[in-house]
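Step one of this worksheet: look at the structure below.
The values are calculated or read from the model by the stated rules, or taken from the named source; none is laboratory data. Predicted, not measured: the structure shown is a model, and the values here were computed from it. Please note: Cβ atoms are built from the backbone with ideal geometry, for glycine as well, and neighbour counts cover all protein chains shown.
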Amino acid sequence: MRQDPDPTTTSERDLLGQYLDYQRETILLKTDGLTREQLGRQIPTSALTLAGILYHLALVEESWFEARFLGHGYREDFAGIDWDADPEYEFRTALDKEPDWLRRRYRDACNRARQVTAAAGSLDDVSASALADGKPFTLRWVMLHLVEETARHAGHADLLREAIDGTVGE
């Protein structure tokens, strides 16, 4: 259930988590009740689909929190993908997935990301891997990046959902 972030929260970690959860729930709301065909529908000016957004954001959650921050490998469905040869893999293959599976996959990735955040000593904890420039990053940076990434795709999802069935708003 989507809840507005609590303005009285004093913990930066809690507030970042609340903002990220709000955006995560927005994505799930925009995909709720849609069929596989509807989740795969595109608008004329874009190849984006709601199915692709769900699967992409599952990858993003796992990539940043588990693979890059903790240094773990990718989960089975993303392990071994040649991302240079198939950079749109998750968007393309999402169209073959069932709606409930995509939503569950995204929820599970978000739950594991919450566990990573909760287990960290602080927002200043440093990643196991580095960015392209060779510099490590903090948990704070990951959380802010995921708020931005998820919110951007929530805007895409809003437009796609409106085109599918006219549903607008939050």
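Among the residues of the range 100-131, the ones that are buried (at least 17 other Cβ atoms within 10 Å of the Cβ) and β-branched (V, I, T) come to 2 in all. Of all residues in the range 2-23, those being under 20 Å from H153 (Cβ atoms) and surrounded by fewer than 10 Cβ atoms within 10 Å (Cβ to Cβ) number 2.
Inside the range 132-170, can you point out the residues that are more than 19 Å from the chain's Cα centre (by Cα) and either among the aliphatic types (A, V, I, L, M) or within 30 Å of R41 (Cα to Cα) (or both)?
The first filter runs over the range 132-170 and keeps only residues more than 19 Å from the chain's Cα centre (by Cα), leaving 132-136, 162-169.
Across the range 132-170, the qualifying residues are A132, E162, A163, I164, D165, G166, T167, V168, G169.
Does H145 qualify as being crowded, with 16+ Cβ neighbours inside 10 Å, out of contact with any Gly (no Cβ under 9 Å at 6 or more places or on another chain) and not aliphatic (A, V, I, L, M)? Taking the combined requirement at face value, the residue does not satisfy it.
For H153, which of the numbered conditions (1) assigned to a helix (DSSP H, G or I); (2) surrounded by fewer than 19 Cβ atoms within 10 Å (Cβ to Cβ) fails to hold? Of (1) assigned to a helix (DSSP H, G or I); (2) surrounded by fewer than 19 Cβ atoms within 10 Å (Cβ to Cβ), only one is false for H153: (2).
Has the range 95-104 got any residue that is more than 28 Å from S122 (Cβ to Cβ), among the hydrophobic types (A, V, I, L, M, F, W, C) and touching a residue at least 40 places away in the same chain (Cβ under 8 Å)?
The initial filter retains those residues of the range 95-104 that are more than 28 Å from S122 (Cβ to Cβ), namely 95-104.
Remaining after also requiring among the hydrophobic types (A, V, I, L, M, F, W, C): 95, 101-102.
This time we only want the ones that are touching a residue at least 40 places away in the same chain (Cβ under 8 Å), so: 95, 102.
Within the range 95-104, one or more residues are more than 28 Å from S122 (Cβ to Cβ), among the hydrophobic types (A, V, I, L, M, F, W, C) and touching a residue at least 40 places away in the same chain (Cβ under 8 Å).
Given the conditions (1) charged (D, E, K, R); (2) free of Cβ contacts under 8 Å to residues at least 40 places away in the same chain; (3) within 30 Å of Q42 (Cα to Cα), report the number of the one that D124 does not fulfil. If we test D124 against (1) charged (D, E, K, R); (2) free of Cβ contacts under 8 Å to residues at least 40 places away in the same chain; (3) within 30 Å of Q42 (Cα to Cα), just (3) comes out false.
Yes or no, residue by residue, for (1) assigned to a helix (DSSP H, G or I); (2) at pLDDT 90 or above:
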site	(1), (2)
P5	no, no
R13	yes, yes
G17	yes, yes
L28	yes, yes
Q42	no, yes
L57	yes, yes
S63	yes, yes
E66	yes, yes
F78	no, yes
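Of the numbered criteria (1) among the aliphatic types (A, V, I, L, M); (2) touching a residue at least 60 places away in the same chain (Cβ under 8 Å); (3) closer than 14 Å to E149 by Cβ, the one A58 fails is (2). Yes or no: D21 at negative phi, of a type in the set (D, E) and modelled with pLDDT of 95 or more? It is true that D21 is at negative phi, of a type in the set (D, E) and modelled with pLDDT of 95 or more. Of all the criteria given as (1) more than 18 Å from A47 (Cα to Cα); (2) among the basic types (K, R); (3) assigned to a helix (DSSP H, G or I), the one not satisfied by R92 is (1). The residues on offer are T117, T138, and the sole one that is β-branched (V, I, T), within 14 Å of L16 (Cα to Cα) and without any contact (Cβ under 8 Å) to a residue 40 or more places away in the chain is T138.
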